[in-house]
1. Only one of these is open to solvent by 20 Å² or more (accessible area, probe 1.4 Å) and out of contact with any Lys or Arg (no Cβ under 9 Å at 6 or more places or on another chain): LYS201, LYS197, LYS149, LYS174. Name it.
2. So for the range 166-182 (the condition being modelled with pLDDT of 95 or more, among the aliphatic types (A, V, I, L, M) and either in contact with a Cys (Cβ under 9 Å, 6 or more places away or on another chain) or on the phi < 0 side of the Ramachandran plot (or both)), does at least one residue qualify?
3. Out of MET138, MET217, MET108, MET121, report the one residue that is open to solvent by 60 Å² or more (accessible area, probe 1.4 Å), in contact with an Asp or Glu (Cβ under 8 Å, 6 or more places away or on another chain) and of a type outside the set (Phe, Trp, Tyr).
4. Quick check on the range 154-168: of everything there that is in a strand (DSSP E or B) and open to solvent by 20 Å² or more (accessible area, probe 1.4 Å), which residue is farthest from LYS73 (Cα to Cα)?
Amino acid sequence: MNTRIISPLIALVAIAFITSIASAQTPAPQPSTPATTVPSPVVSAPATTTASPNEAEMMKQMMELAKLTENHKLLADLAGSWSTSVKMMEPGKEPSVSKGSVTFKSIMNGRYFIGDHAGSMKMPGADGKMKDFAFKGMSIDGYDNVKQKFISSWMDNMGTGIMTMEGTYDPATKAFTYTGEVEMVPGMKTPVRAVVKITDKNHHTFEWYENRGGQEMKTLEINYTRKK
């Protein structure tokens with residue numbers, strides 16, 4: 001998703017999350033994610049022997065694994081320019097709503113998709129007063145034929161790290177589900193889950209869940225509308 005594909009404005013969660021950090025959280029097992037049911041190339045690994053690997057067979061296998069599949073086509077369907085409506089949620093507080101935009105572009109002949117994300121939101125300044133903050137983010141989404149998983153990475157102007165997630169797609173619900181973890185401060189890792197639900201070719205949603213103290217809660221929702 002990041003769709004996200006992934007993907008989605010993952011680091012927006014950091015704003016709400018940073019303000020609520022008070023103590024370390026204990027990670028809990030995440031809900032199981034649906035298995036990828038879209039056909040992918042299945043290439044058997046070379047048999048393990050004491051002899052040297054057959055280079056010709058290895059090259060053939062690598063060439064097969066480099067081919068585009070229907071899973072890459074799923075990501076290609078999300079390419080284009082979108083308007084976004086972002087809702088950030090915190091327990092006991094009114095949701096914070098903002099607007100933004102994102103453009104997804106194909107690179108390397110459709111193997112990956114780069115997302116250029118932009119938006120603005122209210123953030124507390126040094127004096128404690130709320131001020132407008134310009135947000136910029138970048139996502140890279142793809143499908144790894146070796147792992148048979150969707151992959152998503154995310155970076156933005158609110159940090160210096162690069163977050164990575166792996167996911168699956170359920171054709172019955174038309175939803176991508178990604179899992180990973182974020183480390184906002186050293187040694188404090190939080191399991192996260194992202195769900196991208198496809199409504200139609202012009203609309204989809206992104207939902208972000210965090211595991212806080214053993215309880216998963218939704219902290220971000222983004223609605224995408226394709227620009228005409």
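1. On the way: LYS201 fails: out of contact with any Lys or Arg (no Cβ under 9 Å at 6 or more places or on another chain); LYS197 fails: out of contact with any Lys or Arg (no Cβ under 9 Å at 6 or more places or on another chain); LYS174 fails: out of contact with any Lys or Arg (no Cβ under 9 Å at 6 or more places or on another chain).
None of the other options fit; the residue is LYS149.
2. Checking the range 166-182: at least one residue is modelled with pLDDT of 95 or more, among the aliphatic types (A, V, I, L, M) and either in contact with a Cys (Cβ under 9 Å, 6 or more places away or on another chain) or on the phi < 0 side of the Ramachandran plot (or both).
3. Numbers: MET217 fails: open to solvent by 60 Å² or more (accessible area, probe 1.4 Å); MET108 fails: in contact with an Asp or Glu (Cβ under 8 Å, 6 or more places away or on another chain); MET121 fails: open to solvent by 60 Å² or more (accessible area, probe 1.4 Å).
Exactly one residue qualifies, and that residue is MET138.
4. Here is the first cut: in the range 154-168, the ones in a strand (DSSP E or B) are 154-156, 163-168.
Imposing the further condition that a residue be open to solvent by 20 Å² or more (accessible area, probe 1.4 Å) reduces the set to 155-156, 163-164, 166.
Numbers: MET155: 24, ASP156: 26, MET163: 24, THR164: 21, GLU166: 17 Å.
That would be ASP156.
The values are calculated or read from the model by the stated rules, or taken from the named source; none is laboratory data. Every value quoted in this text rests on a predicted model; they were computed, and no experiment measured them. Virtual Cβ from ideal backbone geometry, glycine too; neighbours counted across all protein chains shown. Ligands, DNA and RNA are excluded from the accessible area calculation, which covers all protein heavy atoms including side chains. Shrake-Rupley method; radii C 1.70, N 1.55, O 1.52, S 1.80 Å.
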